[in-house]
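K.L.:
Pasting in a structure now, in structure tokens, and then I'll have a few things to ask.
The values are calculated or read from the model by the stated rules, or taken from the named source; none is laboratory data. Remember, predicted model here, so these are calculated numbers, not experimental data. Please note: Cβ atoms are built from the backbone with ideal geometry, for glycine as well, and neighbour counts cover all protein chains shown. Just the protein is used for accessible areas: all its heavy atoms, side chains included, with ligands, DNA and RNA removed. Shrake-Rupley method; radii C 1.70, N 1.55, O 1.52, S 1.80 Å.
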Amino acid sequence: MEFRRLGQSGLVISEIAYGNWITHGAQIDEEAAHACVRAALDAGITTFDTADVYSETRAETVLGKALAGQRREGLVLATKVCHPVGPGPNDRGLSRKHVVEGCEGSLRRLGTDYVDLYYAHRYDPAVPLEETMLAFADLVRSGKVLYIGVSEWTAEQISRAAGLARELRVPLVASQPQYSMLWRVIESQVVPACEREGLGQVVWSPLAQGILSGKYLPGAAAPAGSRASAEAGKGFVDMLVGHWMNDEGALRAVQELGPVASDLGLTMSQLAVAWVLQNPSVSAAIIGASRPEQVKENAAASGVRLEQAVLDRIDEILSAYIVR
Ligand code: NDP
């Protein structure tokens, strides 16, 4: 496993991180979850990503248990706050109250005294950004959070947050957006803003939730046991996987990536992970997995370098379907 600095910070993270959205506490049972975490550790992954909202907080508990007994200093643990985790009006959002209480809940469930990286999961337009940033800064000063990040914020929101973080002297170091061969929305504005402000990209769904593994065939039903056929997280899957699943042309184009991967001795999933890591502003790709074999396979994409001719070929194959 290769490692990168997170943005311009001193924090070193594995360039492939393991995330447990939809899987832990929902799609897969606890034994399979532990096996995936074990496979991640065996592959040299040190960086783990979760959120309070995943599986209504159960994902944090499962991850905490799976990592129990590991040397804490050897891990980089990240979690997030913003989405609703309870029935009350203050059980959501980026108010000082919810950011501080949310962090306490995450620490309890993860079984740790601090998280390395704490993200604002979405921008909250209802709360003054100054209030949110001061709450994050206080968590940093209390030692409960070491670094802070944002997820799916616009370039303008990131620049404002970075200005406040500088005033408060706290390390805003990560942006967590969706990024894959098919979904390149961050390239035009978010990446330049983050490069100016020193944030690294820790990108989610590098396989477009499994689409880029090539297992979803045009005109065929989703294979049994796949995320697209699972009940867990159905709304999100319909929204994201569904975007491509309903586009036979896109699925056909993805199939054309098969020979590109095999010519390089890679699987399609490895090609997809290696592709996001070619972008120098990407600090890590967060992979998901429903079984340990997938973790082993995808983690082997670490260190793979793709020639410009390969990148050009990929662009040519996918050109009609890339979302920018
Ligand atoms: P991926 O794009 O890596 O998709 C992972 C899924 O693809 C697996 O669960 C599996 O699903 C399938 N898959 C993985 N490897 C293979 C393989 N080798 N062959 C066939 N199928 C494979 O990432 P995720 O969408 O899971 O997201 C990764 C992480 O990113 C999340 O866990 C979370 O930590 C983070 N995230 C953050 C968000 C945010 O808003 N900040 C939003 C979403 C995710 P299956 O076997 O079930 O088909």
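K.L.:
Restricting region 138-154 to residues that are of a type in the set (G, A, S) and in a loop (DSSP other than H, G, I, E, B), which is farthest from R72 (Cα to Cα)?
P.N.:
Narrowing region 138-154 to residues of a type in the set (G, A, S): 142-143, 149, 151.
Right, trim to in a loop (DSSP other than H, G, I, E, B) and you get 143, 151.
Values: G143: 15, S151: 24 Å.
Here the answer is S151.
K.L.:
Looking at this structure, is A174 buried (at least 17 other Cβ atoms within 10 Å of the Cβ) and part of a strand (DSSP E or B)?
P.N.:
Criteria met by A174.
K.L.:
Another question, then. Which members of region 63-92 meet the condition of being in contact (Cβ under 8 Å) with a residue 24 or more places away in the chain, in a helix (DSSP H, G or I) and farther than 19 Å from A32 by Cβ?
P.N.:
Residues satisfying the conditions are R72, G74.
K.L.:
From the set of residues in region 307-322 that are open to solvent by less than 40 Å² (accessible area, probe 1.4 Å) and in contact with a helix residue (DSSP H, G or I) (Cβ under 6 Å, 6 or more places away or on another chain), which is nearest to A33 (Cα to Cα)? So that I can check it myself, show each step before the final result.
P.N.:
Pass one, region 307-322, residues open to solvent by less than 40 Å² (accessible area, probe 1.4 Å): 310-311, 314, 317-318, 322.
Next cut, in contact with a helix residue (DSSP H, G or I) (Cβ under 6 Å, 6 or more places away or on another chain) only: 317-318.
On the way: I317: 35, L318: 33 Å.
So, considering only residues that are open to solvent by less than 40 Å² (accessible area, probe 1.4 Å) and in contact with a helix residue (DSSP H, G or I) (Cβ under 6 Å, 6 or more places away or on another chain), the one nearest to A33 (Cα to Cα) is L318.
K.L.:
Residues being within 17 Å of N298 (Cβ to Cβ) and either part of a loop (DSSP other than H, G, I, E, B) or within 13 Å of the ligand (Cβ to nearest atom) (or both): count how many of those fall in region 42-62.
P.N.:
Of region 42-62, the ones within 17 Å of N298 (Cβ to Cβ) are 42-49.
Subset that is either part of a loop (DSSP other than H, G, I, E, B) or within 13 Å of the ligand (Cβ to nearest atom) (or both): 43-49.
Residues flagged as within 17 Å of N298 (Cβ to Cβ) and either part of a loop (DSSP other than H, G, I, E, B) or within 13 Å of the ligand (Cβ to nearest atom) (or both) within region 42-62 amount to 7.
K.L.:
Where residues in region 177-189 are part of a helix (DSSP H, G or I) and surrounded by fewer than 23 Cβ atoms within 10 Å (Cβ to Cβ), which of them is farthest from the ligand (Cβ to nearest atom)?
P.N.:
E187
K.L.:
Looking only at region 287-298, count how many residues are within 10 Å of the ligand (Cβ to nearest atom) and open to solvent by 10 Å² or more (accessible area, probe 1.4 Å).
P.N.:
7
K.L.:
Can you tell me which of R122, R92, R141, R108 is out of contact with any helix residue (DSSP H, G or I) (no Cβ under 7 Å at 6 or more places or on another chain) and closer than 23 Å to G64 by Cβ? Full working, then the answer.
P.N.:
Details: R122 fails: closer than 23 Å to G64 by Cβ; R92 fails: out of contact with any helix residue (DSSP H, G or I) (no Cβ under 7 Å at 6 or more places or on another chain); R141 fails: closer than 23 Å to G64 by Cβ.
Criteria check complete, one pass: R108.
K.L.:
Mind telling me which of the residues A17, A39, A78, A33 ends up being under 19 Å from M133 (Cβ atoms) and within 12 Å of the ligand (Cβ to nearest atom)?
P.N.:
On the way: A17 fails: under 19 Å from M133 (Cβ atoms); A39 fails: under 19 Å from M133 (Cβ atoms); A33 fails: under 19 Å from M133 (Cβ atoms).
Within the list A17, A39, A78, A33, the selection yields A78.
K.L.:
Here is a further query. Across region 195-236, what is the total count of residues that are closer than 17 Å to A253 by Cα, within 12 Å of the ligand (Cβ to nearest atom) and either charged (D, E, K, R) or exposed (fewer than 14 other Cβ atoms within 10 Å of the Cβ) (or both)?
P.N.:
Within region 195-236, residues that are closer than 17 Å to A253 by Cα, within 12 Å of the ligand (Cβ to nearest atom) and either charged (D, E, K, R) or exposed (fewer than 14 other Cβ atoms within 10 Å of the Cβ) (or both) number 1.
K.L.:
So, one more: If I filter region 96-117 for residues that are surrounded by fewer than 23 Cβ atoms within 10 Å (Cβ to Cβ), part of a loop (DSSP other than H, G, I, E, B), at pLDDT 95 or above and of a type in the set (A, V, I, L, M), do I get at least one hit?
P.N.:
Within region 96-117, none of the residues are surrounded by fewer than 23 Cβ atoms within 10 Å (Cβ to Cβ), part of a loop (DSSP other than H, G, I, E, B), at pLDDT 95 or above and of a type in the set (A, V, I, L, M).
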